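Input: a single structure, listed below in structure tokens.
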Amino acid sequence: MRRVQPACINIVLTGYPAFENALRAIRAQVDDFLVKPAEVRTLVETIEQRLLRPEQLHHACNQRLADCLRENTQRIVGRALEHMKVQPRLARIPLSDQERIDHINAIITEILQKLEGQGQSKPRASVNHGRRRKEQGYSLAMLVDDRSAIDSAIYDVVKEKLLELDLSRLLDDLARLNDCLNNHLQQSLAGFTGEEAA
């Protein structure tokens, strides 16, 4: 509704009082909500108050996925580290936190450049990631776990920021993101095995 009729007042009328907790998550998209049975007078007053103060209406965010991820790169890195430290195979490798994440920023930057169609033809950060993980004693399965931790961290942020994203373009952006992540996993594996193209 926010995208189709930005000036429209959005009020949710619910029969579930516990629904209030869920509504907190979508509060940025809803101007108010009432619990049934709502009195007609209360409903009319709520609508009138919102009409008198249109500047207080919530407005839809239309952020593109790449911009959102770029703004949250450090959050992604932090989440990736959390995922790496709880993954049993990865936790066995005795690395400092910095050694686990020291090149994750470069990978995310490269993924975002590809997502926006600006990336170089060969993703060097992912190739280097594969090489570095081999030096650190990772197996191929551990490299896949490692990349899964990064992917999970990215999607954690997407879920957290969902209501701020341009939903009309989100499916296309997610499809391209998935392609970028798959490509970078392939390049990391190639770097690990030494089979990357010259």
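Go through the range 3-19 and give me each residue that's under 23 Å from R53 (Cα atoms) and at pLDDT below 65. Working first, answer last.
If we filter the range 3-19 for residues that are under 23 Å from R53 (Cα atoms), which is where we start, we get 3-13.
Within the range 3-19, just R3 meets the criteria.
Do we find that Q118 is assigned by TED's automatic domain parsing to the domain that holds S148 and at pLDDT below 80 in this structure?
yes
Which of the residues belonging to the range 140-156 are within 20 Å of D102 (Cβ to Cβ) and either among the hydrophobic types (A, V, I, L, M, F, W, C) or outside the structural domain of N178 (by TED's automatic domain parsing) (or both)? Can you show your working first?
Of all residues in the range 140-156, those within 20 Å of D102 (Cβ to Cβ) come to 142-154.
Across the range 140-156, the qualifying residues are M142, L143, V144, A149, I150, A153, I154.
Does D179 qualify as being in a helix (DSSP H, G or I), out of contact with any Cys (no Cβ under 8 Å at 6 or more places or on another chain), within 23 Å of V86 (Cβ to Cβ) and at pLDDT 90 or above? Spell out the reasoning first.
Values: in a helix (DSSP H, G or I): yes; out of contact with any Cys (no Cβ under 8 Å at 6 or more places or on another chain): yes; within 23 Å of V86 (Cβ to Cβ): no; at pLDDT 90 or above: yes.
Against the criterion (in a helix (DSSP H, G or I), out of contact with any Cys (no Cβ under 8 Å at 6 or more places or on another chain), within 23 Å of V86 (Cβ to Cβ) and at pLDDT 90 or above), D179 does not qualify.
Looking only at residues in the range 135-159 that are buried (at least 16 other Cβ atoms within 10 Å of the Cβ) and charged (D, E, K, R), which one is farthest from Q63 (Cα to Cα)?
D145
Answer yes or no: is there a residue in the range 102-110 that is in contact (Cβ under 8 Å) with a residue 24 or more places away in the chain, in a helix (DSSP H, G or I), surrounded by fewer than 18 Cβ atoms within 10 Å (Cβ to Cβ) and not acidic (D, E).
Checked the range 102-110: at least one residue is in contact (Cβ under 8 Å) with a residue 24 or more places away in the chain, in a helix (DSSP H, G or I), surrounded by fewer than 18 Cβ atoms within 10 Å (Cβ to Cβ) and not acidic (D, E).
Go over the candidates E116, E99 one by one and state the one that is loosely packed, with under 13 Cβ neighbours inside 10 Å and touching a residue at least 12 places away in the same chain (Cβ under 8 Å).
E99
Looking at this structure, is L165 of a type in the set (A, V, I, L, M, F, W, C) and surrounded by 18 or more Cβ atoms within 10 Å (Cβ to Cβ)?
When the stated conditions are applied, L165 passes them.
What do you reckon, is I104 at pLDDT 95 or above and of a type in the set (A, V, I, L, M, F, W, C)?
no
How many residues does the range 114-171 contain that are outside any helix (DSSP H, G or I), within 11 Å of the chain's Cα centre (by Cα) and within 19 Å of H184 (Cβ to Cβ)?
Matching residues across the range 114-171 total 0.
The values are calculated or read from the model by the stated rules, or taken from the named source; none is laboratory data. Here the structure is a predicted model, which is why all the values come from computation and not from measurement. Backbone-built Cβ (ideal geometry, glycine too); neighbour counts: all protein chains shown.
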